[in-house]
Amino acid sequence: MHEIFVSMNNFFQAMGLQGLAINSCVESFFLVPPPDILLIAMDLAKPEKALWYAFVCTLASAVGGAVGYFIGLWGGRPVFNFMFRKNRDKFDAVENMYKEYGSFAVFFSAFTPLPYKIFTIASGVLKMNFIKFFIASFFGRGARFFIVSLVLMFFGEAVKKYMELVILAVTVVIVVFCVIVYKKRHSFIKKDIEVKDGDN
């Protein structure tokens, strides 16, 4: 599998910017190397274009996420089970995250090391609101790719080997922040409902 991934990555890299876009798009619904590998290489080669590369990555990945969404919407649970034969139990976990966090669950999967493709297809199966799904995907993927590009643009090769730690640290901060905001929002909504019920 490692050799196959290396070959795929070399194939995408040989195509340059188009390869980066295709890699980012397909990775959102199919098993190919994560676009971060190619993004890092291209950022280091041409740091002045790092933000442009991040934008291409973001847009292509969000479009690929939409493809995954419609695969799940039209194919349903049988397609999910076929594509993720070894991870069928993940569907229940994704469904529980949706019930708990709504569209924030998509944002988490788009930004963090969670398997984004599982969430894109499961979103379609669960018939999540497509607009909310796409917005969460776009900003989640954008946050991830732009952080990678910005860090490399400013610090270059010196920070390359620490990228996973940088992403992990930022991930923890953003996830904690989003959970706090989500909890606060629901707390305010609950209090508002209680006040209205009391007035009635």
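Using the structure shown, decide if Val56 is part of a helix (DSSP H, G or I) and either closer than 26 Å to Val172 by Cα or modelled with pLDDT under 90 (or both).
Details: part of a helix (DSSP H, G or I): yes; either closer than 26 Å to Val172 by Cα or modelled with pLDDT under 90 (or both): yes.
Yes.
Can you tell me how many residues within the stretch 35-53 are buried (at least 17 other Cβ atoms within 10 Å of the Cβ) and not in a helix (DSSP H, G or I)?
The number of residues fulfilling the criteria is 1.
Within the bounds of the stretch 146-156, is there any residue that is touching a Phe, Trp or Tyr at 6+ places or on another chain (Cβ under 9 Å), surrounded by fewer than 20 Cβ atoms within 10 Å (Cβ to Cβ) and closer than 19 Å to Gly75 by Cβ?
Within the stretch 146-156 (the criterion being touching a Phe, Trp or Tyr at 6+ places or on another chain (Cβ under 9 Å), surrounded by fewer than 20 Cβ atoms within 10 Å (Cβ to Cβ) and closer than 19 Å to Gly75 by Cβ), the answer is no, since none of the residues qualifies.
Taking only the stretch 72-96 into account, find how many residues are β-branched (Val, Ile, Thr) and more than 13 Å from Met128 (Cα to Cα). Give the steps one after another, and end with the answer.
In the first step, residues of the stretch 72-96 are kept if they are β-branched (Val, Ile, Thr); the result is 79, 94.
Pick out the ones that are also more than 13 Å from Met128 (Cα to Cα) and you get 79.
Of the residues in the stretch 72-96, 1 are β-branched (Val, Ile, Thr) and more than 13 Å from Met128 (Cα to Cα).
Determine whether Val67 is out of contact with any strand residue (DSSP E or B) (no Cβ under 7 Å at 6 or more places or on another chain), among the aliphatic types (A, V, I, L, M) and surrounded by fewer than 23 Cβ atoms within 10 Å (Cβ to Cβ).
Numbers: out of contact with any strand residue (DSSP E or B) (no Cβ under 7 Å at 6 or more places or on another chain): yes; among the aliphatic types (A, V, I, L, M): yes; surrounded by fewer than 23 Cβ atoms within 10 Å (Cβ to Cβ): yes.
So Val67 passes the test.
I'd like the residue in the stretch 97-135 that is out of contact with any helix residue (DSSP H, G or I) (no Cβ under 8 Å at 6 or more places or on another chain) and hydrophobic (A, V, I, L, M, F, W, C) and, out of all such residues, is surrounded by the fewest Cβ atoms within 10 Å (Cβ to Cβ).
The residue in question is Ile131.
Examine the stretch 75-88 for a residue that is assigned to a helix (DSSP H, G or I) and within 16 Å of the chain's Cα centre (by Cα), and state whether such a residue exists.
Pass one, the stretch 75-88, residues assigned to a helix (DSSP H, G or I): 75-83, 85-87.
Now drop any that are not within 16 Å of the chain's Cα centre (by Cα), which leaves none.
So far as the stretch 75-88 goes, no, none of its residues is assigned to a helix (DSSP H, G or I) and within 16 Å of the chain's Cα centre (by Cα).
The values are calculated or read from the model by the stated rules, or taken from the named source; none is laboratory data. Everything numeric here is computed off the predicted structure, so don't read it as measured data. Positions of Cβ are backbone-derived with ideal geometry, glycine not excepted, and every protein chain shown enters the neighbour counts.
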